[in-house]
Protein chains: 4
Amino acid sequence: MTHLRAAEINDEIDGDTLHEECGVFGILGHPDAATLTALGLHALQHRGQEAAGIVTFDGKQFHTEKRMGLVGDHYTDPAILAKLPGTISIGHTRYSTTGEVALRNVQPLFAELEVGGIAIAHNGNFTNGLTLRRQIIATGAICQSTSDTEVVLHLIARSRHTSTADRFIDAIRQMEGGYSMLAMTRTKLIAARDPTGIRPLVMGELDGKPIFCSETCALDIIGAKYIRDVENGEVIICEIQADGSIQIDARKPVNPQPERLCLFEYVYFARPDSVVGGRSVYVARKNMGINLAKESPVEADVVVPVPDGGTPAALGYAQQSGIPFEYGIIRNHYVGRTFIEPTQSIRAFGVKLKHSANRAMIEGKRRTGR
Amino acid sequence: MTHLRAAEINDEIDGDTLHEECGVFGILGHPDAATLTALGLHALQHRGQEAAGIVTFDGKQFHTEKRMGLVGDHYTDPAILAKLPGTISIGHTRYSTTGEVALRNVQPLFAELEVGGIAIAHNGNFTNGLTLRRQIIATGAICQSTSDTEVVLHLIARSRHTSTADRFIDAIRQMEGGYSMLAMTRTKLIAARDPTGIRPLVMGELDGKPIFCSETCALDIIGAKYIRDVENGEVIICEIQADGSIQIDARKPVNPQPERLCLFEYVYFARPDSVVGGRSVYVARKNMGINLAKESPVEADVVVPVPDGGTPAALGYAQQSGIPFEYGIIRNHYVGRTFIEPTQSIRAFGVKLKHSANRAMIEGKRRTGR
Amino acid sequence: MTHLRAAEINDEIDGDTLHEECGVFGILGHPDAATLTALGLHALQHRGQEAAGIVTFDGKQFHTEKRMGLVGDHYTDPAILAKLPGTISIGHTRYSTTGEVALRNVQPLFAELEVGGIAIAHNGNFTNGLTLRRQIIATGAICQSTSDTEVVLHLIARSRHTSTADRFIDAIRQMEGGYSMLAMTRTKLIAARDPTGIRPLVMGELDGKPIFCSETCALDIIGAKYIRDVENGEVIICEIQADGSIQIDARKPVNPQPERLCLFEYVYFARPDSVVGGRSVYVARKNMGINLAKESPVEADVVVPVPDGGTPAALGYAQQSGIPFEYGIIRNHYVGRTFIEPTQSIRAFGVKLKHSANRAMIEGKRRTGR
Amino acid sequence: MTHLRAAEINDEIDGDTLHEECGVFGILGHPDAATLTALGLHALQHRGQEAAGIVTFDGKQFHTEKRMGLVGDHYTDPAILAKLPGTISIGHTRYSTTGEVALRNVQPLFAELEVGGIAIAHNGNFTNGLTLRRQIIATGAICQSTSDTEVVLHLIARSRHTSTADRFIDAIRQMEGGYSMLAMTRTKLIAARDPTGIRPLVMGELDGKPIFCSETCALDIIGAKYIRDVENGEVIICEIQADGSIQIDARKPVNPQPERLCLFEYVYFARPDSVVGGRSVYVARKNMGINLAKESPVEADVVVPVPDGGTPAALGYAQQSGIPFEYGIIRNHYVGRTFIEPTQSIRAFGVKLKHSANRAMIEGKRRTGR
């Protein structure tokens, strides 16, 4: 029963609009900036496995490394981390939104502006991205990637404001839709979340240094402390001062809108040990199962979770209903997460190879016909 | 001098006694032999992730492909499968028993004998492997790998018997210790299990063709039917006849010994959906938890499994004790299985990156001091 | 700060003045456009071995492939050529002008403009490249590569003209310095050479289709016919018409300047079988040797060429002086061309491994002390 | 004219019997043994480009590295050289004699014998290799490669002699055909050349340490001194003594046979700066041209060498005949040596891409009809 439900959800969420999932991580003023960013991205790997990139600034110049594949396949290599010196860093794990997975689309994207370099890492989807792109091209700009993030860079580059922070806010104001975004300059780490708060973004702290990341699990992996969620419509600008201290300036430059945190963050995207919007994802999932048991009780022999997304809900259903919870489906851990692979054919093959029935728990059990 | 060398080898071979884990799969007379072997090895991936090899025979010649890494990284490639034509196939997934992980040690191993070619895939550890190796070298043979499996090949090559099956049995009789082994020739698929049955080996059937593999989960993935376990001390010889039919000959050429199926197959090695020794591994693990709850009751708030090996036992403990079962530890799926990696340093790093506490389920809970 | 950054860029760009060498090839209207471009680039390999790229247009979309390394290492692969369908193609072999050899710097560069896509391949060095770059950035543009070629793209994108050809000419007019450049759009192949003609660029023809390339040796490899040199300051626009015919329009939009064909094309860059500026490179080199023998006669036992650049001059010296020509230095062909590698340390090591004395020809010979 | 001749030679030498070409290098007692071996193999690269291997012994254990491809692509990497510690080393560059180019066939081959380890590198072709292989297999041995060199290892392993040197000589005596071979043990470097001396093998010295290699050019690259050729049928055994000194023992254990040094060493295989059989290869090639001019004078405008093999002969012809020597054919250096690639199709393609006519030297010249 839970099985059927889960399959339906999977089918539903295969559509295009959900492909906005990505993971971002940034830290300011820490000597191990790149390594901490790599660890944070590893914890956020479930938000995108196609590629990962990290940018650092070492006081003199920016450094960029981008790689196709998993964080752990590349950013555990000391030779790669050695190419990322500096105390400011942002990183990005990417789930490709198009068939074209080229390194030039891998974030963070970087641009040398008149006021200095800026790098941006972005999780979201602008509803007016294409319109903005067309306007920018019409006035003689060159777009070299197909990502919305490049549009943001252009908006910043064209802004008439002098400070990078003001230019960033100027760009934010022109964008419609959902985003959680990090930017870094030679002295600043900037975090922004759209007015509806559709994608999560949290603020943490390690050794007194500010961190922003998509989910709290990226704070946990490095032992950082959770401070608060970035609020809807908020832009937080952290800047290293001449004396090494960090000044934090939080603003709300865009008009408030009704909250619209994406449901699928709780259902599927976020890691169960993360706290999203102040609520444990695990508890939220479990409560869905508890509520389902109240709303739709069935007579059944066992409650079987579809690993791993459906497990907390199945446990909730079992606890509420009193029906035994049993592992009737076993997952092969040597296949990547089904949902997140780019083509339908690989997805189908993945599903076949990934789950197998645990006969001992299923044979002889009733089929409940819903 | 040679003595020192032998001691060095001894050190390399006598590692952790748990390092005997490997997966084997063989099929006779099926047009998709290599693809089915690849799928079977994928299901057995948990038994060894260092390397995998497949040998086929196409009526004219033997074909071998060996690759470092996961089955799914290589043997899903149609170009590689196209290099493995034929209707007889055996395969092997390997967990390196030594620091040296060279392709020449990857199984199956193949030898061209006077009576024709033979390939062998082996899961186990001979207690007299080093003694046999020394004897063989003393009489002028050359050992090019460091694996016990090569010793078997030498014993077969030196046998005075004329048929390959008799030579194989001749070799088996000289070996002491544990093994589950597959061999293939131009017409035969041979399965052998040591008299104590320390490693699992089952017989199945697909489209009327015999299959042997380490665990039943490799039958399930291809929709094959489980026939029976290969018995302790049994050698089963399957041979294609001139009319295409398959003749099966089961023998017990070695003296019976007390059964000694490795406990760790139930505790750790085997997949929970496999049936080992006639018992569901999942049920066996769950029963361990139930028995533990009876023998060692504690007052506690939650039962938290250490994923994934400990999950069924934790569930059994929870069901028996009535203490709620909750996921207090979350696993990062983008790290390989901790236990099975070759060096201590990687193992330690892996553990750190792999598990994280699910605060929502742990905070405020009692610590029970046992 | 930006000033410092600019200075850094300046240092990177203003390396050895000989680093301007690259090879370009373009063809319009031919069904084998990509393969012919690959062969042409192979013949031009001596002009740059760091990377090579090819762009094609297939009537619907542009296709780009870029690879680090030799043309023959990648573009002989049918799978790569299959990704480059279409009848219009330009390609580029690159000799890195900076330490950073990133794929994003590999040409041709492509941009999607309001009037459609355009790709550019460029051999040369603008004297006002940095100034133009600063101006462009100051008005809000984003530069993602460090190559001058991107500046050209920006100038084209910003032009107020409507046709691509007029925009291209508009851009050319703003550039100072030397260049031989190819551009392609959905229907056009455009060739341009700077007013001083510092880099070679020739026009050829195969099966009635126009070809432009750096040297005639790229025409010879595909059996194409040499038509003429692109003249100094000339822009030649070839366009496919609706009926499939090709219209060719040659213009001279920039002010004439004194010819200044780079001496090193004859001395070192060009292949000896190429005809540059109407003169055989081989004959030019030989004549240098003949003239040297006239101007600076010496008494010597043998004339020994330093392979391979110095061979024709040595032969000319020998023929003129009557002193025997002998191979006293032997080249190891398994090392790349010394001069053209990017770092001094590799260069030094390369020289050591590349040439060896041919004792039989050198022992006992006089040293002439000049 | 010379062109046609060379083409004929190329066709002739494409047969199987000439595929015996390989390069060997060995050194005893030198702290930089592996690096010197790598440099020596680089100088011998023309004798085989398919793969290269090096074995060293560091006083405790043997180390082996094997790589497909050029010496310079791998053995210039400090990380690879660091895996080859020790003061004894032999190496091999390989020109595949079969379609199967597998790492297990790459030499040197190594075996752990009762008397200790031995590694062998071999250039040659046994006429009784297949017969010996069959005999060895018939008595219960296992052959894992398809190379003749493995047969030698088996013969050594089976010998009843106690010392490795005696076992090696025992093996040599059973082999028929041509070979130049190096072997190394924990204390010895052994060189052997067949009684007809079909393949070259020379002895040199660096810092008082003995070196053996295929051609003198491998001595020149490291500044080593040429001592003498290994004589036909000679076995030279060099052994490090307890006091660090090296004892050299030269024997002639096999019956003398008429000398039969392969003609193609002078015509094609050897490097022109090598001295083979006491004669400069360059001078030998030039003399062939001088003799050809005497025997077959023609009226012609120019003598054009086919680079690079034919160049010295063409120069000899030109000097003898008084006809001008000119480069009428230009070679593209970015293609590997034509002759030596394994498949006909690649060979054909290679030729097409490799040479181009130098029109300036050929146009208007007479065709001499021979």
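Helix-only arithmetic for chain D: the sum of -39500 (n - 2.57) across DSSP H runs with n ≥ 4, divided by the residue total, places the mean residue ellipticity at 222 nm at -8000 deg cm²/dmol.
Peptide B:133-142 is shielded by partner chain Cβ atoms: per residue, an average of 6 of them sit within 10 Å of its Cβ. The ranking of A:213, D:262 from fewest to most other beta carbons within 10 Å of each one's beta carbon is D:262, A:213.
Rounded to the nearest 0.05, what FRET efficiency do residue B:131 and residue B:225 give with R0 = 30 Å and r taken as the Cβ-Cβ distance? Could you check?
The value I calculate is 0.15.
In units of the compact-protein estimate 2.2 N^0.38 Å, region B:2-260 shows a Cα radius of gyration of 0.93. Among residues of chain D, the one whose Cβ lies closest to the rotation axis carrying chain D onto chain A, together with that distance rounded to whole Å, is D:79, 5. Lysine pairs in chain C whose alpha-carbon atoms fall under 23 angstrom of each other, counting only those eight or more residues apart or on distinct chains, come to 16.
Distances over 47 Å make up what percent of all Cα-Cα pairs in the protein assembly as shown?
Percent of Cα pairs beyond 47 Å in the protein assembly as shown: 51.
For chain B, modelled as a GNM whose springs connect Cα atoms under 10 angstrom apart, the maximal fluctuation among B:162, B:185, B:139 occurs at B:139.
Take residue A:130, push a point 7 Å out from Cα through the beta-carbon direction, and compare it with the same point in every other copy: 4.3, 6.8, 7.0 nm, smallest first. Projecting 7 Å from Cα along the Cα-to-Cβ direction, the label point of residue D:295 sits 4.5, 9.3, 9.8 nm from its equivalents in the other copies, listed shortest first. Of the residues C:66, C:60, the one with the fewest other Cβ atoms within 10 Å heads the list, and the complete ranking is C:60, C:66. Compared with the dominant principal axis of the Cα atoms in chain C, helix C:148-158 is inclined by about 20°. For region C:22-31, putting each phi into the Karplus relation 6.51 cos²θ - 1.76 cosθ + 1.60 with θ = phi - 60° gives couplings of 8, x, 10, 8, x, 9, 10, x, 10, x Hz, in residue order, rounded to whole numbers and with x for Gly and Pro. Would region B:171-269 count as rounded, prolate or oblate if I go by the C-alpha gyration tensor, calling it rounded below 1.5 in a/c and otherwise prolate when a/b exceeds b/c, oblate otherwise? Note, shape of region B:171-269 comes out oblate. Helix B:33-43 versus the longest principal axis of chain B: what is the Cα-based angle in degrees, 0 to 90, to the nearest 10? For B:33-43 against chain B, the angle is about 30 degrees.
To the nearest 20 debye, what is the magnitude of the charge dipole of chain B about its Cα centre, counting +1 on the Cβ of each Lys and Arg and -1 on the Cβ of each Asp and Glu?
Here the size comes out at about 560 debye.
Label point of residue A:241 set 7 angstrom out along Cα-Cβ; within region A:157-193, amide nitrogens under 19 Å from it belong to A:165, A:186-190. When each of A:285, B:186, B:173, A:193 is scored by the number of other beta-carbon atoms lying within 10 Å, the sequence from fewest to most is B:173, B:186, A:285, A:193. Against the main long axis of the alpha-carbon atoms of chain D, helix D:129-138 sits at an angle near 30°.
Values quoted throughout were computed directly from the atomic coordinates according to the rules given, and no laboratory measurement underlies them. Note that the structure is predicted; figures quoted are calculated from it, not measured. Glycine gets a Cβ as well: all are built from the backbone with ideal geometry, and neighbour counts include every protein chain shown.
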